[in-house]
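I have placed the structure first, in the form of structure tokens, so that the comments after it can refer back to it.
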Amino acid sequence: VPVYRGFFDPAVHRPPGLPVPTRETAELATEADDGKSYRIGRTEQMLFEKHPTATHFRYPYVYGPRQLAPREWCIIRRILDGRPFLVLPDDGLSLIPYGYVDNLAHALMLAVDKPEASMGEVFNCGDDEKLTIRQVAEIITDELDHDWELVNMPAQFAICARPLMQNYRTTHRVMDTSKLRTLLGYADVVPAREAVRRATRWLVENPPARGGYEETALQDPFDYEAEDRLVAWWKQAVAGFASLDLGYDELPGYGKSYAGPGTRNPRADTRI
């Protein structure tokens, strides 16, 4: 899926961000946009020039056993090391395309089973349910029964969490997999929430070497002293907000379109 224009650098779009969802017919990257994305797209083109009846699967990031850049390790190692918090850029609300190993293998086998429907086609792949980074973190936290704080911080400050985000922006990257479901009858063989738990257990039982290839691929320094300084600074900055008098007689946003805390008596709820 990095073939799409803006996958690596959302700022090539105005405003920044991939179309949501991104379909197989979406604009592909040019060489000027990103050389790596362009070469992926050019390779696809060359494949179909030589083999017009081929079937091509655009994989998302893959997770599960034996992955070379295991996203979950950014969270799991910190839990194993007894960290008291995990930094989440923009509350970890970004949607990033992922596919569990069993699910992606299942997609391939469907093409074998249905050659007439799959020949000459390109398919986006990925789990049916798209989990946010925060949801992934919460599932892993529950699976390992760890007690810590998920620290919400603006992405521009949350530098230590970039390896987890795999981008410098928190815009969504949501691939449309409806074609795979419609033409080939795809459905997850392992639901995403269970898949994250399985991936977590596997990594705990088969931890990557400290400073080894996987950690190098993730580019996560696991620099806990730097994280401690960052979170201490951020909490100090947030604490100062309580003394800021914005002067609102009535909090904004509690009109007819609002639904949530304070709905019954918004004037009595002074939280911001």
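If each residue of separation counts as 0.36 nm, what is the full-extension length gain between PHE48 and TYR168 once their alpha-carbon separation is subtracted? Each step should come with its number before you reach the end.
Numbers: separation 120, 0.36 × 120 = 43.20 nm, distance 3.30 nm.
That works out to 39.9 nm of additional length.
Can you tell me the length gained on complete extension of the stretch LEU251 to MET109, counting 0.36 nm per residue apart and subtracting the Cα distance?
Details: separation 142, 0.36 × 142 = 51.12 nm, distance 5.49 nm.
Contour length minus the Cα-Cα distance gives 45.6 nm.
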*Name the long-range amide H neighbours of SER94: under 5 Å, sequence gap of 5 or more, or other chain; modelled H, no Pro or chain starts.*
ILE133, ARG134
*How large is ³J(HN,Hα), in whole Hz, for each residue of segment 117-132 in order, when computed from phi with the Karplus curve 6.51 cos²θ - 1.76 cosθ + 1.60 and θ = phi - 60°, using x for Gly and Pro?*
7, 9, 4, x, 10, 10, 10, 5, 10, x, 4, 4, 8, 9, 8, 6
*List every residue whose amide H lies under 5 Å from the amide H of VAL151, counting only residues 5 or more places away in sequence or on a different chain, with H placed 1.01 Å from N in the peptide plane.*
LEU86, VAL87, LEU88
*asked:* With the crude spin-label approximation of a point 7 Å out along Cα→Cβ, what separation in nm comes out for ASP223 versus ARG39?
replied: 2.8 nm
*Shape of segment 136-272 from its Cα gyration tensor (a ≥ b ≥ c, root eigenvalues): rounded if a/c is under 1.5, otherwise prolate when a/b > b/c, or oblate?*
oblate
_From phi via Karplus (6.51, -1.76, 1.60), per-residue ³J(HN,Hα) for segment 26-32 in Hz, x at Gly/Pro_ = 5, 4, 8, 5, 8, 5, 5
*Measuring from a point 7 Å past the Cα of LEU244 along Cα-to-C-beta, which residues in segment 154-168 have an amide N at less than 12 Å?*
none
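Once you sort the root eigenvalues of the Cα gyration tensor of segment 42-133 as a ≥ b ≥ c, which label holds: rounded (a/c under 1.5), prolate (a/b larger than b/c) or oblate (the other case)? Intermediate results must be reported in sequence, preceding the final value.
On the way: a/c = 2.83, a/b = 2.56, b/c = 1.11.
Verdict is prolate for segment 42-133.
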*asked:* Principal axis extents for the chain, Cα atoms only, whole Å, descending order, please.
replied: 67, 49, 38
_Quick check: pseudo-label points 7 Å beyond the Cα along Cα→Cβ at HIS13 and ARG201, how many nm apart are they?_
3.7 nm
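Return a single number: how many Lys pairs in the chain, at a sequence separation of 8 or more or on separate chains, have alpha-carbon atoms below 22 angstrom apart.
Values: LYS36/LYS50; LYS50/LYS114; LYS114/LYS179; LYS130/LYS179.
Summing the qualifying lysine pairs gives 4.
Using just the helices of the chain, give the 222 nm mean residue ellipticity in deg cm²/dmol: DSSP H runs with n ≥ 4 each add -39,500 (n - 2.57), and the total is spread over all residues, rounded to 500. Intermediate values should be presented prior to the final figure.
Details: 10 runs with 99 residues, N = 272.
One gets -10500 deg cm²/dmol as the mean residue ellipticity at 222 nm.
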*asked:* How charged is the neighbourhood of TYR168? Take every other residue with its Cβ under 10 Å from the Cβ of TYR168, and add Lys/Arg as +1 and Asp/Glu as -1.
replied: +1
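Every read-out reported here was derived from the displayed coordinates using simple, explicitly stated rules and does not represent laboratory data. What you see is a predicted model; the values in this text were computed from it and never measured. Don't worry about glycine lacking a Cβ; one is built from the backbone with ideal geometry, like all the others, and counts go over all protein chains shown.
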